[in-house]
Amino acid sequence: MSVPSLATGFDDPVQDGQRVFRAVLDAMSRPGRIVPLPRLPEIPAGLHASSAAVALALLDLETPVWLDEAASPAAKWLRFHCGSPLTAAAGDAAFALIADGTRLPDLDLFPIGTPDYPERGTTLLIQVAALAKGRGHRLRGPGIEHETFLDAEGLDEALWRHMAQGRDRFPLGHDVMLLSPDALACLPRSIILED
């Protein structure tokens with residue numbers, strides 16, 4: 001009887017992990033900027049290479065992760081490579097990995113933090129088909145000199161409404177990472193969205 005193998009992680013866990021972490025910091029500090037990510041030697045089922053790379057860089061034993069149905073084939077890979085506990089309860093998630101960005105779950109089920117601990121809001125990792133700059137939704141706020149535009153192909157429009165409504169409760173809310181197959185763009189909770 002053969003044992004199914006898991007896709008490998010980074011070739012060089014320390015250097016590759018640091019490169020991805022710096023890319024995430026760059027994208028989070030410059031909302032709407034599309035930042036390329038290094039490729040993995042193998043991609044786990046259900047995930048883009050970018051999603052897998054971000055998971056390897058950010059998830060660990062202390063970050064409960066909620067998966068949508070489309071991401072569930074990667075559950076064993078995430079447990080093995082990241083050690084992250086998986087949770088079925090959205091209210092317990094530090095991260096939510098949503099592989100099907102066209103059908104978002106009810107985002108209001110995920111924690112938004114508390115006034116004393118706003119950082120306890122769930123970070124939403126959402127896969128999309130493609131990211132494009134220069135068109136789409138207008139973004140303003142910290143990290144953007146004047147304004148920028150971002151479009152995410154294959155993204156449920158409910159996310160844009162959720163982010164616009166969430167601005168009223170800042171500093172509470174969700175930070176969002178949009179992940180195309182080979183890049184990411186971030187929408188921190190501080191962002192101001194305009195159509």
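The values are calculated or read from the model by the stated rules, or taken from the named source; none is laboratory data. What you are looking at is a predicted structure, and each value in this text was computed from that prediction instead of being measured. With ideal geometry, Cβ positions are generated from the backbone for all residues, glycine too; neighbour counts draw on all protein chains shown.
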Those residues of region 114-147 which are out of contact with any Ser or Thr (no Cβ under 7 Å at 6 or more places or on another chain) and either buried (at least 18 other Cβ atoms within 10 Å of the Cβ) or of a type in the set (Phe, Trp, Tyr) (or both) amount to Tyr117, Gly121, Thr122, Thr123, Leu124, Ile126, Gly136, His137
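Residues are listed down the side, and each one gets a yes or a no for (1) of a type in the set (A, V, I, L, M); (2) assigned to a loop (DSSP other than H, G, I, E, B); (3) at pLDDT 95 or above:
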position: Leu40; (1), (2), (3): yes, yes, no
position: Trp66; (1), (2), (3): no, no, yes
position: Leu78; (1), (2), (3): yes, no, no
position: His81; (1), (2), (3): no, no, no
position: Ser84; (1), (2), (3): no, yes, no
position: Ala88; (1), (2), (3): yes, yes, yes
position: Asp100; (1), (2), (3): no, yes, yes
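Condition check ((1) touching a residue at least 40 places away in the same chain (Cβ under 8 Å); (2) out of contact with any helix residue (DSSP H, G or I) (no Cβ under 7 Å at 6 or more places or on another chain); (3) within 25 Å of Glu153 (Cβ to Cβ)) across all residues:
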position	(1), (2), (3)
Val35	yes, no, yes
Pro41	no, yes, no
Ser51	yes, yes, yes
Thr63	no, yes, no
Ala74	no, yes, yes
Thr87	no, yes, no
Asp100	no, no, yes
Leu104	yes, no, yes
Leu107	yes, no, yes
Across (1) touching a Lys or Arg at 6+ places or on another chain (Cβ under 7 Å); (2) part of a helix (DSSP H, G or I); (3) of a type outside the set (Asp, Glu), Gly143 clears everything bar (2)
Exactly one of Asp108, Asp156 is at pLDDT 90 or above, surrounded by 15 or more Cβ atoms within 10 Å (Cβ to Cβ) and charged (D, E, K, R), and that one is Asp156
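Table: residues versus (1) in contact (Cβ under 8 Å) with a residue 24 or more places away in the chain; (2) basic (Lys, Arg); (3) out of contact with any Leu (no Cβ under 8 Å at 6 or more places or on another chain).
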position	(1), (2), (3)
Lys133	yes, yes, no
Phe170	no, no, yes
Leu187	yes, no, no
Ile191	yes, no, no
